[in-house]
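A short worksheet on the structure shown next.
The values are calculated or read from the model by the stated rules, or taken from the named source; none is laboratory data. Everything numeric here is computed off the predicted structure, so don't read it as measured data. Positions of Cβ are generated from backbone atoms using ideal geometry, with glycine treated the same way; all protein chains shown enter the neighbour counts.
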Amino acid sequence: MKTLPNIISIFRIVLVPVFIITYFSEVHYTKVYAILVYALAALSDFFDGFLARRFKASSTVGKVLDPLGDKLMTVSVMVCITIDGIIPVWAVIVAGVKEILMGVGGILLYKIAHADIPPSNIIGKMSTVVFFLVCITLMLFRDLPGAAATSLISVAIGLMFLALASYINTYVVVMKNREK
């Protein structure tokens with residue numbers, strides 16, 4: 001059972017190029033198909049975490065694969081909707097910086113403090129759900145005025161940084177406990 005959540009995480013990583021190809025394909029209803037791929041990735045994120053917790057099937061590999069899949073899909077979606085002119089470039093840069101900071105923080109916790117990467121918390125989960133809904137809205141309603149699209153993605157990015165702040169707090173606590 002330990003491998004099933006990891007297989008689901010790998011599946012989500014495989015969905016990243018599928019999303020990109022689908023998003024930019026010339027097929028009728030292409031954005032709807034891309035949204036379905038994105039929704040499947042989001043569901044797989046829920047199920048791999050649920051299975052890992054429910055059956056105590058958490059693993060070190062899973063603790064790397066799960067956030068990697070999330071970050072790859074998040075960045076891919078943002079880059080696609082930026083290339084499509086839906087959101088400004090600064091949004092991808094800001095979100096990318098946040099993802100890099102989270103990754104570096106996780107590596108530091110693991111390497112320096114020999115601590116496990118902290119699990120996602122309610123703020124992180126809420127941020128993920130809002131980001132998902134905002135991106136789907138932006139893909140479905142591509143003709144939203146630029147200010148509205150920028151406002152929506154700004155709210156999602158703001159919540160991402162709120163989640164980052166909560167993880168920084170966890171990082172500081174773990175590092176202080178390490179010094180004791």
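Picking from 104, 79, 94, which residue would you name as being in a helix (DSSP H, G or I) and within 20 Å of residue 177 (Cα to Cα)? Quick ask: steps written out before the conclusion?
On the way: 79 fails: within 20 Å of residue 177 (Cα to Cα); 94 fails: within 20 Å of residue 177 (Cα to Cα).
Matching residue, one of 104, 79, 94: 104.
When the residues of segment 92-116 are narrowed to those that are in contact (Cβ under 8 Å) with a residue 40 or more places away in the chain and small (Gly, Ala, Ser), which ends up surrounded by the most Cβ atoms within 10 Å (Cβ to Cβ)?
This residue is 95.
Being more than 14 Å from the chain's Cα centre (by Cα) and either closer than 28 Å to residue 122 by Cβ or in contact (Cβ under 8 Å) with a residue 40 or more places away in the chain (or both) narrows it down to one of 65, 51, so name that one. Walk me through it before giving the result.
Values: 65 fails: more than 14 Å from the chain's Cα centre (by Cα).
Exactly one of 65, 51 is more than 14 Å from the chain's Cα centre (by Cα) and either closer than 28 Å to residue 122 by Cβ or in contact (Cβ under 8 Å) with a residue 40 or more places away in the chain (or both), namely 51.
Would you check if residue 72 is buried (at least 16 other Cβ atoms within 10 Å of the Cβ) and either aliphatic (A, V, I, L, M) or under 20 Å from residue 17 (Cα atoms) (or both)?
Working: buried (at least 16 other Cβ atoms within 10 Å of the Cβ): yes; either aliphatic (A, V, I, L, M) or under 20 Å from residue 17 (Cα atoms) (or both): yes.
The answer is yes for residue 72.
Taking residue 70 as the residue in question, decide whether it is assigned to a helix (DSSP H, G or I) and either modelled with pLDDT under 85 or in contact with a Pro (Cβ under 8 Å, 6 or more places away or on another chain) (or both).
no
Please work out which residue is surrounded by the fewest Cβ atoms within 10 Å (Cβ to Cβ), limiting yourself to segment 117-141 and to residues that are of a type in the set (Gly, Ala, Ser) and either outside any helix (DSSP H, G or I) or in contact (Cβ under 8 Å) with a residue 40 or more places away in the chain (or both). Break it down stepwise before answering.
Within segment 117-141, the first condition is being of a type in the set (Gly, Ala, Ser), and the residues that meet it are 120, 124, 127.
Still in the running and either outside any helix (DSSP H, G or I) or in contact (Cβ under 8 Å) with a residue 40 or more places away in the chain (or both): 120, 124.
Values: 120: 19, 124: 21.
Among them, the one singled out is 120.
Which of (1) out of contact with any helix residue (DSSP H, G or I) (no Cβ under 7 Å at 6 or more places or on another chain); (2) among the acidic types (Asp, Glu); (3) under 23 Å from residue 163 (Cα atoms) does residue 84 not meet, given it meets every other one?
Unmet condition: (3).
Can you tell me which residue within segment 160-180, out of those that are over 15 Å from residue 101 (Cα atoms) and among the hydrophobic types (A, V, I, L, M, F, W, C), is surrounded by the fewest Cβ atoms within 10 Å (Cβ to Cβ)?
Taking segment 160-180 and keeping what is over 15 Å from residue 101 (Cα atoms), we get 173-180.
Next, from what is left, pick out any that are among the hydrophobic types (A, V, I, L, M, F, W, C): 173-175.
Numbers: 173: 11, 174: 18, 175: 14.
Here the residue is 173.
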